[in-house]
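All remarks here apply to the structure that follows.
The values are calculated or read from the model by the stated rules, or taken from the named source; none is laboratory data. The structure presented is a predicted model; accordingly, all values stated were derived computationally and were not measured. For neighbour counting, all protein chains shown are included, and Cβ atoms are generated from backbone atoms with ideal geometry for every residue, glycine included. The protein model used for the area step is the full one, side chains on, heavy atoms only, and it has no ligands, DNA or RNA in it. Shrake-Rupley method; radii C 1.70, N 1.55, O 1.52, S 1.80 Å.
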Amino acid sequence: MERLKQALSAAGIAYKENEPLSAHCTFRIGGPADVFILPENEAQLCAAIKLAKEANVKYYLLGNGSNILFEDAGYRGAVINVSAMKSAIGILENICFPGKDPALTYDAVVVGADKMLSSLCITALENSLTGLEFAYGIPGTVGGAVYMNAGAYGGEMKDVLVSVRYLTAEGEIVEIPAEQLDLRYRHSIFEENGGCILSAKFHLARGNAADIRARMNDLMARRKDKQPLDKPSAGSTFKRPVGAFAAALIDQCGLRGYRHGGAAVSDKHCGFVVNLGGATCADVLALCDEVRAIVKEKTGYDLEKEIRVVKA
């Protein structure tokens, strides 16, 4: 670890030691990271990864931390905070390409992995570009959203994603089309290939700003009405099983408000496990196991966690 810290200092890349990970995820759970790296730009991000590999230090790429659960022991290695970067959003006008509605005009939007998805949605609105309304309110970064093919209200990232630039596990920067990313329900090729997403390109159709704003406001109002946004969580805790909805199954089993320690099934939305205050990773995992067992016994459905558990 000392070798990595010395190399980071020599390269002018900022880092902290023993940084509490509870401060960097929406669950507000997690012990300290040995090293917490804060790259300022893409070059520093790539350099930090290279230095970690050279020092034989395991690393974890962190976005907004909105779909993850850190262990109580923290992380024995380096957490690289991608969202610390400050990239821009670029728009290329009047892009013509096959496979889309020929009656519409499309613009290409290129955005860094560190940008918040909500920021991208607002930029699209400001330029009267439609297609990302579904993503407004998803509390993650663009990189995180692409990594897990985030979706809501009938839309997914793969619907508008064109290509991704990323740093391969071998240290090469490449750009590949979305068709080669194995994008499916809450999955992409990045879960297996060890790549670091750097930026993404989207094709968005020109639309009516008032209609786009109305759709975004409607979806945000639905979120606030139905989801426990006032309590720390990692969003939807379980994936949607084929032929059913996780929240409905959990409610059906009488588990609304079910608790284990400081963690509980939300009273407001049974698809969310929330931190009532002082919850530990162990509390959340035990609660999830209990919920899964009860749902399996009573309904036959086997729920799978959607949140990612980051091992220490």
Could you please find all residues in the range 209-246 being under 13 Å from CYS270 (Cα atoms) and of a type in the set (S, T, N, Q)? GLN227, SER233, SER236, THR237
Does GLU170 meet the test of being open to solvent by 30 Å² or more (accessible area, probe 1.4 Å), more than 21 Å from PHE134 (Cα to Cα) and of a type in the set (Asp, Glu)? yes
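Quick grid of which residues meet (1) free of Cβ contacts under 8 Å to residues at least 12 places away in the same chain; (2) β-branched (Val, Ile, Thr); (3) buried (at least 23 other Cβ atoms within 10 Å of the Cβ):
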| residue | (1), (2), (3) |
| --- | --- |
| ASP107 | no, no, no |
| LEU120 | no, no, yes |
| TYR136 | no, no, yes |
| THR141 | no, yes, yes |
Answer yes if at least one residue in the range 75-82 is free of Cβ contacts under 8 Å to residues at least 40 places away in the same chain and among the polar types (S, T, N, Q), and no otherwise. no
Residues that are under 24 Å from ARG186 (Cα atoms) and in a helix (DSSP H, G or I), drawn from the range 226-272: LYS226, ALA246, ALA247, ALA248, LEU249, ILE250, ASP251
Residue match in the range 214-236 (condition: under 30 Å from GLU172 (Cα atoms) and modelled with pLDDT under 95): no
Considering only the range 80-96, how many residues are closer than 27 Å to LEU62 by Cα, open to solvent by 20 Å² or more (accessible area, probe 1.4 Å), in a loop (DSSP other than H, G, I, E, B) and not charged (D, E, K, R)? 2
Among residues of the range 242-269 being among the β-branched types (Val, Ile, Thr) and surrounded by 16 or more Cβ atoms within 10 Å (Cβ to Cβ), the residue farthest from ASP225 (Cα to Cα) is ILE250
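Kindly indicate the residue of the range 102-131 that is among the β-branched types (Val, Ile, Thr), out of contact with any His (no Cβ under 9 Å at 6 or more places or on another chain) and not in a helix (DSSP H, G or I) and also modelled with the lowest pLDDT among those meeting that condition.
Step one: of the range 102-131, the residues among the β-branched types (Val, Ile, Thr) are 105, 109-111, 122-123, 130.
Still in the list and also out of contact with any His (no Cβ under 9 Å at 6 or more places or on another chain): 105, 110-111, 122-123, 130.
With not in a helix (DSSP H, G or I) added as a condition, the list becomes 105, 110-111, 130.
On the way: THR105: 84, VAL110: 95, VAL111: 96, THR130: 95.
So the residue we want is THR105.
Answer yes or no as to whether GLY235 is within 30 Å of GLU126 (Cβ to Cβ) and more than 24 Å from the chain's Cα centre (by Cα).
No, not satisfied.
Output the residue which, of all residues in the range 161-178 that are in contact with a helix residue (DSSP H, G or I) (Cβ under 8 Å, 6 or more places away or on another chain) and part of a loop (DSSP other than H, G, I, E, B), is nearest to ALA47 (Cα to Cα).
GLY171
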For the range 179-225, name all the residues that are part of a loop (DSSP other than H, G, I, E, B), under 18 Å from the mean Cα position of the chain (by Cα), surrounded by 15 or more Cβ atoms within 10 Å (Cβ to Cβ) and touching a residue at least 12 places away in the same chain (Cβ under 8 Å). LEU181, LEU183, ARG186, SER188, GLY195
Which one of these does GLY99 not meet: (1) more than 18 Å from ALA14 (Cα to Cα); (2) open to solvent by 30 Å² or more (accessible area, probe 1.4 Å); (3) at pLDDT 95 or above? (3)
Looking at the structure I just gave you, is ALA286 closer than 19 Å to LEU21 by Cβ and not basic (Lys, Arg)? no
Pairs please, first residue from the range 38-52 and under 11 Å from ASP114 (Cα atoms), second anywhere and part of a helix (DSSP H, G or I) and β-branched (Val, Ile, Thr), Cβ atoms under 8 Å, 6+ apart in sequence or on different chains. PRO39/VAL82; LEU45/VAL82
For the range 280-306, which positions are open to solvent by less than 10 Å² (accessible area, probe 1.4 Å) and touching a residue at least 60 places away in the same chain (Cβ under 8 Å)? CYS281, VAL284, LEU303
For SER128, work out the one condition from (1) open to solvent by 20 Å² or more (accessible area, probe 1.4 Å); (2) out of contact with any helix residue (DSSP H, G or I) (no Cβ under 6 Å at 6 or more places or on another chain); (3) touching a residue at least 40 places away in the same chain (Cβ under 8 Å) it doesn't fulfil. (2)
